[in-house]
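To start, the structure itself, in structure tokens.
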There are 2 protein chains.
Amino acid sequence: MTEPPGRRERKKAATRQKIADAALRLFLERGYDAVGIRDIAAEADVAVTTLFSHFASKEALVFEQDQDFEQRLTQAVADRGPHEPLIPALRREIHALVRHCTADSAAPIWRMIDASPALRQYEESMRLRHADSLATSIAADLGLPQTTTACRTIARFVIDAYSLAREAPDPDAAMDEIFPMIEAAWEVVCPIPAPTGDRSRPR
Amino acid sequence: MTEPPGRRERKKAATRQKIADAALRLFLERGYDAVGIRDIAAEADVAVTTLFSHFASKEALVFEQDQDFEQRLTQAVADRGPHEPLIPALRREIHALVRHCTADSAAPIWRMIDASPALRQYEESMRLRHADSLATSIAADLGLPQTTTACRTIARFVIDAYSLAREAPDPDAAMDEIFPMIEAAWEVVCPIPAPTGDRSRPR
DNA sequence: TTGTGAAACCCTAACCGTTAGGGTTACGGT
DNA sequence: ACCGTAACCCTAACGGTTAGGGTTTCACAA
């Protein structure tokens, strides 16, 4: 399925990594605002234009692995057990993501992000995209021909949960408070069937 | 209470308005991206530095009246009737705001906003601020000493409702779908008291 | 093997939003 | 009438980003 990548693609990936590493190192050393694009390019020993052919913006250098986030959410919907209801599956995944970025090792990065308005704003718009693709994924899972308002709504709520929990002083407690609210909202759309002889897949 | 403004303040307000008008005119004429700050300043016959002393950024020229938005939401919470529950009051206000910006007269502006990533991103971060102050307002209304996770959550949900309804093909239908979900989420936090002899203010 | 097209990369020069620095005018209060 | 300062102006720059146009390096096939 995946061919062994040729020299070309390996070099490209190496360049990308070299840039990302240099950027992160400088950012943590001197602070996001104190590091210029030209500094990063010099440190990574590439041209500025090369840097921008790998990353769309300075902010994107910080959120290098954001496709992960998107994929993990959509897969949490698609790959869950055949009888697992939607919201708990999303809750597990969001919980894992929050724990991942509130870990001690990630703390300096998130401190930097929280300190920079530009980065916060960028993250916001990233989340909007994530909510959109989550909504699509949920609609597909429900067998809908297109994303409905309810799908979009619940997707937003779930993304809100991530961002609120991440910023909360006690992320676990925040999760425990937010997700029951999301559950309730979801039940308005897909009422849980009474535990009678109903064998259909829970929503 | 409000003194008649002196010549100075009148001139300042006039300058601000002149800039905003020039900007809007040019934006609608040529498109947001095709108009430079220097163009706007020239059209308004002011220096670039003057423009930036009235507006914090190019995007802010488009969202001139955003403090309105924030105030109307917080006031919808604070100024509602003494027995009106929280969510319906917010629903009314959001509905009015959505109708206001989906009116035909506002259509070209919002088409422009939707077409520009920079403007969409700016609006997003505006909304985050609005959600924060709405959360504060809700917490105050509930007599809480500080904003809790539940307040922040419901505030986000309400702001989401605004943005989802605004973008929906049928904003009214979207409102009818989203707000029952928010009601349900809110009931998890503040269960509606049974309609017995309970005379306390509904939440 | 060698030729060829394209991808990755480089450099220079600019564009555009935004800000610093430092000046002038005109209003408001004394 | 005077002074402080708010509003305004100009010039020059900074920093992210892109256009234009060139060179190297790889993948693939003739």
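The values are calculated or read from the model by the stated rules, or taken from the named source; none is laboratory data. Not measured: the values here are computed from a predicted model. Cβ placement follows ideal geometry from the backbone for every residue including glycine, while neighbour counts extend to all protein chains displayed. Only protein heavy atoms, including side chains, enter the accessible area calculation; ligands, DNA and RNA are left aside. Shrake-Rupley method; radii C 1.70, N 1.55, O 1.52, S 1.80 Å.
Quick notes
- All positions within region B:52-71 that are within 16 Å of DNA strand D (Cβ to nearest atom) and either at pLDDT 95 or above or out of contact with any helix residue (DSSP H, G or I) (no Cβ under 7 Å at 6 or more places or on another chain) (or both): B:F52, B:S53, B:H54, B:F55, B:A56, B:S57, B:K58, B:E59, B:A60, B:L61
- Every residue from region B:148-179 that is part of a helix (DSSP H, G or I) and facing another protein chain (nearest Cβ under 7 Å): B:T149, B:A150, B:R152, B:T153, B:R156, B:F157, B:D160, B:L164, B:A174, B:E177, B:I178
- The conditions of being more than 9 Å from DNA strand C (Cβ to nearest atom) and surrounded by 13 or more Cβ atoms within 10 Å (Cβ to Cβ) are not met by B:F55.
- Residue that is farthest from the other protein chains (Cβ to nearest Cβ), among those in region A:25-46 that are outside any helix (DSSP H, G or I) and more than 8 Å from DNA strand D (Cβ to nearest atom): A:D45
- Restricting B:T49, B:T74 to residues that are within 30 Å of B:I154 (Cα to Cα), modelled with pLDDT of 95 or more and hydroxyl-bearing (S, T, Y) narrows the list to B:T74.
- Yes/no for B:A135 being within 11 Å of another protein chain (Cβ to nearest Cβ) and either touching a Gly at 6+ places or on another chain (Cβ under 8 Å) or touching a residue at least 12 places away in the same chain (Cβ under 8 Å) (or both): yes
- Looking only at region A:109-120, and only at residues there that are in contact with a Leu (Cβ under 9 Å, 6 or more places away or on another chain) and open to solvent by less than 50 Å² (accessible area, probe 1.4 Å), the one that is nearest to the other protein chains (Cβ to nearest Cβ): A:I113
- Residue that is nearest to DNA strand C (Cβ to nearest atom) [pool: residues in region A:70-86 that are open to solvent by less than 80 Å² (accessible area, probe 1.4 Å), out of contact with any Lys or Arg (no Cβ under 9 Å at 6 or more places or on another chain) and in a helix (DSSP H, G or I)]: A:T74
- The criterion of being under 15 Å from the mean Cα position of the chain (by Cα) and either within 10 Å of another protein chain (Cβ to nearest Cβ) or touching a residue at least 60 places away in the same chain (Cβ under 8 Å) (or both) does not hold for A:V188.
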